[in-house]
1. Counting each DSSP H run of 4 or more residues in the chain as -39500 (n - 2.57), what helix-only mean residue ellipticity at 222 nm follows after dividing by all residues, to the nearest 500 deg cm²/dmol?
2. From the list (1) 1.32; (2) 0.94; (3) 1.21, can you say which value of Rg/Rh (Cα atoms, Kirkwood Rh) was derived from the structure given?
3. Please work out the FRET efficiency for the pair E20 and A56, using the Cβ-Cβ distance as r and a Förster radius of 41 Å; give the result to the nearest 0.05.
4. Using a 1.4 angstrom probe, figure out how much accessible area the chain has per residue, in square angstrom, rounded to the nearest whole.
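The values are calculated or read from the model by the stated rules, or taken from the named source; none is laboratory data. Remember, it's a predicted structure, so these values are computed and weren't measured experimentally. Positions of Cβ are generated from backbone atoms using ideal geometry, with glycine treated the same way; all protein chains shown enter the neighbour counts. Side chains are part of the model used for accessible areas, which takes the heavy atoms of the whole protein and leaves out ligands, DNA and RNA. Shrake-Rupley method; radii C 1.70, N 1.55, O 1.52, S 1.80 Å.
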Amino acid sequence: MLDKYERRSLEEIENRLTEEDPELARGLAEGTPRSIWSRISPLLVLAVVAMGLSTALLVLAEFGAALMAAALAGALLTFRIWRGRTG
């Protein structure tokens, strides 16, 4: 069993965590922390795929298509950042 000092220290840590990151504190209290897959947005996945496609097209010397794929990836990332700031 924890003594009085240890319990008080744990309560202070819990209170600080609740103030700094309430979502994490709630997940820890419920015993269901978020997985990494729930934090990855579909827009980020599409942007990574578009960048991979752009790289492959550059290797194949398809410069116009590579530029379009890179522009698509940039637009997806920009939209993701913009949506995160406004939402």
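1. So the helix-based figure for the chain works out to -26000 deg cm²/dmol.
2. Checking each listed value against the structure points to (1).
3. Working: r = 42 Å, r/R0 = 1.03.
Computed FRET efficiency for E20 and A56: 0.45.
4. Working: 7320 Å² over 87 residues.
In whole numbers, the chain has 84 Å² accessible per residue.
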